[in-house]
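Asker: Pasting a structure here, questions to come.
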Amino acid sequence: MSSDNQVRTWLTSVPRWQFFWRLMAFTMVYSVASLFVDSSYLPKKQIMEAGGVMISSVVMGILLAFRTNSAYDRWWEGRKLWGQLVNDIRNLSLKVASFSGVAHQRKRRFYDLLKIFPRALKNHLRGLPPDEEVLKFVPEGVSAPHVPLLIAARIQNIIIDWEDDKFVNGFEQLILDPHVRALMDICGACERILKTPIFGTYKDLIWIGLTIYILVLPWLLIPVVHAWCLPMIFVTAYFIFGLELVSEEVEEPFGQDINDLPLDSICTTIADSGSQIEELDARDLL
């Protein structure tokens, strides 16, 4: 990687990087102006006690830690749900593959529905319309505002049809039921995260606190370290603004930003696993 690319990567590594660097520029201009005012007009006055640096930093650190943990908990819960989805679809595929009473031709549609469910859920959580691959599994002329629900219902109906046709018995249906039910349980849990954002008042208070802290910080540092306050303020502002912007990004984990969950990769993993199980089933190797 060239040095220009490295610099650009560093500059754009923070979410909303243009807004971030505008904040950084304002902070440094304000700090330089504070240093000039202090040295020119207040050379022998100390407006605030130096001990205020420690007190205010501890308070701001606690607020940012709580903020970051709250956002990360949402991201991690979403990751666990999608990890559970991977496991349930794999287990469901393996159990269906072991049913010798169901012909492979009948199983093929079932496998296809399992592989397409994560893509339908991904688009649903991102507020995107179903893509072409997903639309193949939506009956023509059917209004389906909740496509994952439709696909889960079709999966459930296939199992019921197999039981009605005596291809599987009641015990085998009970074996499959927890995994089928988990599809909508996971969907509902993801929707809960999506539709219950961290309340705006709390985030507004965080930004007010950050702004006040940055405005006061130069007046706390200048009497102690003088011009050395500038690099100290730059590093402090870089991390506190960066952490807040990262928190705002990861608290909505189902989007397409760089720090969001890799849903496309997870969907590909599920599809690849399903294709492998289907191939083994077709060759009677399971």
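A short reminder: the numbers here are calculations on the coordinates, not readings from a lab. Source: prediction; values computed, not measured. Please note: Cβ atoms are built from the backbone with ideal geometry, for glycine as well, and neighbour counts cover all protein chains shown.
Asker: Each residue of the stretch 178-190 in turn: what ³J(HN,Hα) in whole Hz from Karplus with 6.51, -1.76, 1.60 and θ = phi - 60°, glycine and Pro shown as x?
Answerer: x, 6, 5, 5, 5, 4, 7, 4, 5, 4, x, 5, 5
Asker: Which option, (1) 151; (2) 242; (3) 175, is the value of volume of the Cα convex hull per residue in Å³ that was calculated from these coordinates?
Answerer: (3)
Asker: Kindly put VAL14, VAL134, VAL235 in sequence by how many other C-beta atoms sit within 10 Å of each C-beta, fewest to most. Before the final figure, lay out each step's value.
Answerer: On the way: VAL14 19, VAL134 23, VAL235 10.
Fewest-to-most Cβ neighbours within 10 Å comes out as VAL235, VAL14, VAL134.
Asker: From the backbone phi of the stretch 214-229, what are the Karplus-calculated ³J(HN,Hα) couplings (6.51 cos²θ - 1.76 cosθ + 1.60, θ = phi - 60°) in whole Hz, Gly and Pro given as x?
Answerer: These are the phi-based 3J(HN,Hα) values: 5, 5, 8, 3, x, 6, 7, 8, 4, x, 9, 10, 6, 5, 5, 5 Hz.
Asker: Quick one: Debye curve from the C-alpha atoms of the stretch 71-121, no solvent, what's log10 I(q)/I(0) at q = 0.21, 0.28 Å⁻¹?
Answerer: So the normalised log intensities work out to -0.77, -1.05.
Asker: Hey, which of these cross-link pairs are over 26 Å Cα-Cα: LYS95/LYS166; LYS80/LYS107; LYS80/LYS122?
Answerer: Details: LYS95/LYS166 17 Å; LYS80/LYS107 28 Å; LYS80/LYS122 15 Å.
Among LYS95/LYS166; LYS80/LYS107; LYS80/LYS122, the Cα-Cα distance tops 26 Å for LYS80/LYS107.
Asker: Quick one: if the Förster radius is 35 Å, what FRET efficiency do ARG22 and THR268 give, using the C-beta to C-beta distance and rounding to 0.05? Write down the numbers at each step before the final one.
Answerer: Numbers: r = 37 Å, r/R0 = 1.06.
Plugging the Cβ-Cβ distance into 1/(1 + (r/R0)^6) gives 0.40.
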